[in-house]
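> Once you've had a glance at the structure underneath, I'll fire off some questions.
The values are calculated or read from the model by the stated rules, or taken from the named source; none is laboratory data. Just so it is clear, the model here is predicted, and its values are computed rather than measured. Every residue, glycine as well, gets a Cβ built from its backbone with ideal geometry; the counts of neighbours run over all protein chains shown.
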């Protein structure tokens, strides 16, 4: 399995949205983009993620406006790791497919 570590700022999808993400770096996005895999909805790719002491399985999604993949960070992780909008998140991401 391919994996990467990076630090990225937590951002909100839209002003009133409850969806929060971090953007993957360009090199990590390129690694995911180039890896052959079966097609999934919205171009998503299954991943296992660690942020601080929290580990979960989710998907990353391509974001055409940013040109990279984005990782959703659920509320339980944000609460457990005391992350708020604009905070840096230290991420370990492992591609599962």
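> With respect to residue 7, determine if the residue is exposed (fewer than 13 other Cβ atoms within 10 Å of the Cβ) and in contact (Cβ under 8 Å) with a residue 60 or more places away in the chain.
Working: exposed (fewer than 13 other Cβ atoms within 10 Å of the Cβ): yes; in contact (Cβ under 8 Å) with a residue 60 or more places away in the chain: yes.
Taking the combined requirement at face value, the residue satisfies it.
> Taking the stretch 37-50 as the search range and keeping residues that are surrounded by 13 or more Cβ atoms within 10 Å (Cβ to Cβ) and under 15 Å from residue 63 (Cα atoms), which one is modelled with the highest pLDDT?
Taking the stretch 37-50 and keeping what is surrounded by 13 or more Cβ atoms within 10 Å (Cβ to Cβ), we get 43-50.
Still in the running and under 15 Å from residue 63 (Cα atoms): 43-45.
On the way: 43: 82, 44: 90, 45: 94.
Ranking the candidates gives 45 first.
> Within the stretch 52-97, how many residues turn out to be out of contact with any strand residue (DSSP E or B) (no Cβ under 6 Å at 6 or more places or on another chain) and within 13 Å of residue 32 (Cβ to Cβ)?
Residues in the stretch 52-97 being out of contact with any strand residue (DSSP E or B) (no Cβ under 6 Å at 6 or more places or on another chain) and within 13 Å of residue 32 (Cβ to Cβ): 1 in total.
> Right, here's the next one. Give me a count of the residues in the stretch 14-36 that are under 20 Å from residue 78 (Cβ atoms) and either exposed (fewer than 13 other Cβ atoms within 10 Å of the Cβ) or touching a helix residue (DSSP H, G or I) at 6+ places or on another chain (Cβ under 8 Å) (or both). Before the answer, list the steps.
The first filter runs over the stretch 14-36 and keeps only residues under 20 Å from residue 78 (Cβ atoms), leaving 14-24.
Subset that is either exposed (fewer than 13 other Cβ atoms within 10 Å of the Cβ) or touching a helix residue (DSSP H, G or I) at 6+ places or on another chain (Cβ under 8 Å) (or both): 14-18, 20, 24.
Of the residues in that region, 7 qualify.
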